[in-house]
Amino acid sequence: MRIGDLLLMSISSLWKRKVRTVLTVLGVVIGTASIVVMVSLGLGLNRSTMQNIEENGGLTSIQVWESGNFDSETSDKDRKRLDDELVKTIAANPHVELVSPVLSISVLAKCGAYENNLDIRGMSGEALARMNFPLASGEVPLAEDTLAFLYGNQILAGFMNSRTGSGYWMDGTIPDIDLQNDAIFIIYDMDSYYNSQGNQGGSGAGAAAVKPPKKYIAQCAGVIDGGLETYKSYSWSVYCNIVPMEAHLKRIFRGKAIPGQPLTATGKPYKEIYYNEIYVEADDMEHVAEVQKWITDMGYQTSSNTEWVDSTKKQYGYIQAVLGGIGAVSLIVAAIGITNTMMMSIYERTKEIGVMKVIGCDMRDIRSLFLLEAGFIGLIGGLVGIGFSFLISLVINRIVAGMGMEMTLSYIPAWLAGASVVFAVFVGMASGFFPALRAMRLSPLAAIRRG
Amino acid sequence: MKKDKTVITVSDLYKIYRVGETKVRALNGVDFSINRGEFCSIVGASGSGKSTLLNMLAGLEKPTKGEIVIAGEHMEKKSENGLVRFRQAHIGFIFQSFNLMDTMNAIENVALPLTFQGMDRRTRTRKAEQMLDMVGLTKYKKHKPTQMSGGQQQRVGVARALVVEPEIIFADEPTGNLDSRTSREVMELMQRVVREKKQTLIMVTHDNELAGFADRIFHIRDGKILKIEEKT
């Protein structure tokens with residue numbers, strides 16, 4: 001028989017027994033929906049956690065530091081510094097997509113009466129662009145000729161009124177500063193600053209008067225979105241492009257050591273600027289561990305979210321399996337329902353099957369007819385079940401959102417929808433297999449027994 | 001009548017059923033042969049073994065012993081799939097209770113054997129319509145079995161048996177569910193069509209009058225052929 005004819009015949013015989021077909025399909029609908037919804041809960045939890053990890057430094061990023069594992073006997077030469085050489089070496093690894101040196105420095109920012117200690121992190125423009133900061137205003141400082149800052153969303157909260165001593169964390173007053181437009185002055189040479197401060201209020205301890213260091217006006221590139229209360233890994237940092245930053249620092253500290261930079265044995269600064277950290281982005285989550293180990297083996301300290309991700313994945317894998325298992329029970333019940341329906345149908349159609357055999361229907365075609373019928377029950381049930389699942393998922397997420405939680409609890413990805421329909425068809429055909437064999441083996445004699 | 005080529009040869013055929021401890025001999029040594037283009041009736045009382053004989057000729061039942069050769073092929077040696085394929089190619093079947101598919105109209109019912117053969121829709125519909133024209137149901141092509149009288153339904157049954165252009169047609173009490181006038185009509189139709197197309201028709205019946213339409217009448221009793229009546 002032609003496939004088209006087989007399909008038509010099996011559909012028409014399902015159509016002939018509408019009520020029973022609908023009831024059997026309903027079983028599959030419930031089975032599919034319960035599996036999909038259960039698995040979607042596991043996936044939703046997993047995804048929420050992954051997003052959380054992503055926001056806390058990403059799934060593919062690796063931080064590299066100087067190894068803290070050296071003692072006084074380690075000669076200065078042996079010390080593994082983070083320099084441009086290392087950046088180049090790491091960049092050459094095929095699994096590394098992006099490498100950026102990170103230079104950080106603590107400074108004091110002043111704006112009117114407000115003061116704040118800022119942690120400035122200089123990174124390459126490429127890396128800054130890659131971080132995907134959500135911006136409240138302005139832009140990411142990509143320009144390499146001017147130094148401009150991108151403020152984290154909680155920076156504003158850190159400004160304290162130096163006269164009244166009040167601040168956001170003390171009494172909840174929001175500092176009256178517009179980061180984007182107000183003039184903010186930055187003092188890079190903190191040592192000199194505090195020395196000079198000590199002088200002013202001093203009791204004349206006899207120390208030579210120290211001139212207060214120069215203040216530099218800060219150019220604002222942008223402010224990261226998120227409000228004062230939301231903490232993310234970037235909330236407390238000020239970002240800028242490393243190229244103008246290096247130039248700027250070299251100019252300010254001409255002939256002196258830049259704070260945080262190592263000194264030679266004689267107390268002199270090195271010519272080269274050493275980085276505090278190197279930021280590495282692997283091309284894929286799968287390669288993070290490999291790249292991380294490679295860098296560690298070179299003698300550096302590294303950190304990534306791999307272990308966190310791995311343990312989370314494992315944990316949610318179990319949850320998914322348990323939830324899916326609970327859902328599977330109802331699909332098994334539905335499968336038994338299909339088998340039962342097909343059996344009934346065969347008993348009812350013994351004569352019809354016999355006639356078909358007598359007038360020349362292949363045994364294989366009879367089997368195919370019944371398998372297709374069962375498969376159709378699975379297909380329809382699976383499709384309706386998926387629709388139903390999306391509905392339930394929507395309701396669950398509404399309820400969760402209504403409770404004020406900022407997460408998608410139930411998440412149905414396309415693959416889950418597709419796989420569950422395929423699975424439902426498979427379950428249908430598997431349940432129809434024995435009935436189909438039975439139909440195939442029915443004696444054609446049954447047809448011509450008079451009755 | 002003129003002797004044609006033999007199309008069916010049955011030799012030494014036995015069918016023994018085991019009912020509990022006792023053996024029932026449904027067929028107890030049957031030998032005969034049928035020629036191409038012949039119309040034969042098998043007549044006997046209920047339980048005489050006539051239906052068993054027909055079932056075995058059509059390959060629906062396996063004999064306990066003996067040979068059935070149809071169109072040169074041994075039926076008793078075929079697998080079930082082999083029998084299906086043989087029936088597709090060589091055999092048409094007319095049932096007592098018509099056994100039409102309720103969900104299908106007359107054309108679809110007649111075309112069903114062609115559907116099983118894998119013929120495309122257009123060709124099989126054309127052939128089915130020709131057959132329906134031939135059995136006089138031109139006006140009823142789109143009717144479902146439930147919308148037709150018994151006689152009309154059996155005409156559809158006849159058309160379905162003939163649509164594959166089989167060499168042999170088996171009819172099992174084809175008029176058993178019809179009144180006598182309609183029975184005659186159906187019998188005349190079968191007789192006419194089979195003669196026109198030179199097909200072999202084997203009919204089982206318990207009605208001596210209807211058996212009289214045949215060229216040869218096999219009388220069967222207690223699993224044996226009592227006599228073969230030849231009409232001239």
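The values are calculated or read from the model by the stated rules, or taken from the named source; none is laboratory data. Predicted model, so just to flag it, every value in this text is computed and none were measured. As a convention, Cβ positions derive from the backbone with ideal geometry for all residues, glycine included, and neighbour counts pool all protein chains shown.
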Report summary line: Of the residues in the range A:248-289, those that are loosely packed, with under 13 Cβ neighbours inside 10 Å and modelled with pLDDT of 85 or more number 2
Query - Qualifying position, being in contact (Cβ under 8 Å) with a residue 12 or more places away in the chain and hydroxyl-bearing (Ser, Thr, Tyr), among B:Thr200, B:Thr115 - result: B:Thr200
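Per-residue answers, yes or no, for (1) surrounded by fewer than 14 Cβ atoms within 10 Å (Cβ to Cβ); (2) touching a Gly at 6+ places or on another chain (Cβ under 9 Å):
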position: A:Gln292; (1), (2): no, no
position: A:Tyr300; (1), (2): no, no
position: A:Gly317; (1), (2): yes, yes
position: A:Gln320; (1), (2): no, yes
position: A:Val329; (1), (2): yes, yes
position: A:Ile332; (1), (2): yes, yes
position: A:Met342; (1), (2): no, yes
position: A:Tyr347; (1), (2): yes, no
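Mind counting the residues in the range B:66-101 that are β-branched (Val, Ile, Thr) and away from chain A (no Cβ under 11 Å)?
3
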Query raised in the report: In the range A:4-20, which residue that is within 11 Å of another protein chain (Cβ to nearest Cβ) and within 9 Å of A:Leu369 (Cβ to Cβ) is nearest to the chain's Cα centre (by Cα)?
Result: A:Leu6
Requested in this report: Starting from the range B:206-232, keep only residues that are closer than 14 Å to B:Phe32 by Cβ, then list their pairs with residues that are among the hydroxyl-bearing types (Ser, Thr, Tyr) and surrounded by 13 or more Cβ atoms within 10 Å (Cβ to Cβ) whose Cβ atoms are within a distance under 6 Å, requiring at least 6 positions of separation or different chains.
Outcome: B:Ala214/B:Ser41; B:Ile217/B:Ser41; B:Ile220/B:Ser48
Query - Single residue of A:Gly360, A:Gly404, A:Gly354 found to be within 14 Å of chain B (Cβ to nearest Cβ) and on the phi > 0 side of the Ramachandran plot - result: A:Gly360
**Report entry** Set B:Arg192, B:Arg160: member being in a helix (DSSP H, G or I), within 23 Å of B:Ile42 (Cα to Cα) and away from chain A (no Cβ under 14 Å)
**Finding:** B:Arg192
Query - Filtered residues of the range B:1-56 (kept if in contact (Cβ under 8 Å) with a residue 24 or more places away in the chain and among the polar types (S, T, N, Q)) - result: B:Thr6, B:Thr9, B:Ser11, B:Asn28, B:Ser33, B:Asn35, B:Ser41, B:Ser46, B:Ser48, B:Ser51, B:Thr52
Query raised in the report: Which is of a type outside the set (Gly, Ala, Ser) and either in a helix (DSSP H, G or I) or touching a Phe, Trp or Tyr at 6+ places or on another chain (Cβ under 6 Å) (or both), of B:Ile68, B:Ile107?
Result: B:Ile107
Report task. Name, by its number, the condition in (1) modelled with pLDDT under 90; (2) away from every other protein chain (no Cβ under 14 Å) that does not hold for A:Leu23. Result -> (1)
Query raised in the report: Of the residues that sit in the range A:364-401 and are within 14 Å of another protein chain (Cβ to nearest Cβ) and buried (at least 18 other Cβ atoms within 10 Å of the Cβ), which one is farthest from B:Asp172 (Cα to Cα)?
Result: A:Glu373
